[in-house]
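Inspection log for the structure reproduced underneath, given as structure tokens.
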Amino acid sequence: MNLSLSSNTQAILLLTAPLIAGRTPSSSEMLSPGEYKRFAKHLQHKRHEPADLLRLTPAELARTCEPIVESGRVQRLLGRGFALSQAMETWQTRAIWVVSRADNQYPAYIKTRLRDDSPPILYGCGNTNLLETGG
């Protein structure tokens with residue numbers, strides 16, 4: 001799988017993923033799976049997708065995020081672009097693929113089986129088609 005990430009996947013990674021090893025102040029702010037699930041539903045209700053967050057002004061971000069997640073927290077998480085680029089470089093050198101629920105490549109089997117509880121991000125290496133076989 002190619003590691004060119006969609007804008008949606010980049011936004012989801014910025015919000016939910018530890019991008020560098022160890023515990024850093026920004027990683028402690030990451031959205032938990034439950035928080036992201038509520039936030040994703042909120043975005044969908046407002047007819048937004050995660051990538052839209054990357055283009056909003058701070059005022060628009062506040063209107064979009066509140067009351068589900070504090071907009072300053074979202075802004076800080078979205079500001080981790082450099083850490084994301086470093087992580088992507090590391091993943092690419094190790095042949096690790098990354099796919100988000102927002103991507104067409106996300107396994108339909110997992111979405112069907114887990115529905116709203118599907119992990120927002122999947123990491124792996126090797127043949128992604130094996131994910132459709134049910135384990």
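The Rg/Rh ratio for the chain, using Cα coordinates for both the radius of gyration and the Kirkwood hydrodynamic radius, is 0.96. Ordered by solvent-accessible area of protein heavy atoms (1.4 Å probe), largest first, the residues THR93, THR128 come out as THR93, THR128. For GLN44, what charge total do you get from the other residues with a beta carbon under 12 Å from its beta carbon, if Lys and Arg give +1 and Asp and Glu give -1? Result for the neighbourhood of GLN44: +3. What are the DSSP H helices in the chain that stretch 20 Å or more along their long axis, judged by alpha-carbon atoms, and whose average Kyte-Doolittle hydropathy comes to at least 1.0? Long hydrophobic helices here: none detected.
For the chain, which whole percent of the accessible surface, found with a 1.4 angstrom probe, sits on carbon and sulfur atoms? Looking at the chain in its full context, I get 51 percent from C and S. Based on protein heavy atoms only, the chain ends up with 59 Å² per residue of surface accessible to a 1.4 Å probe. When SER4, SER118 are compared by accessible surface with a 1.4 Å probe, the order from highest to lowest is SER4, SER118. Near THR112, once Lys and Arg are set to +1 and Asp and Glu to -1 for all other residues with Cβ below 15 Å from its Cβ, the sum equals +1.
The values are calculated or read from the model by the stated rules, or taken from the named source; none is laboratory data. Just so you know, these numbers come straight off a predicted model, no measurement behind them. Ideal geometry is used to build each Cβ from the backbone, glycine not excepted, and the neighbour counts take in all protein chains shown. Please note that ligands, DNA and RNA were not included when accessible areas were found on the heavy atoms of the full protein model with its side chains. Shrake-Rupley method; radii C 1.70, N 1.55, O 1.52, S 1.80 Å.
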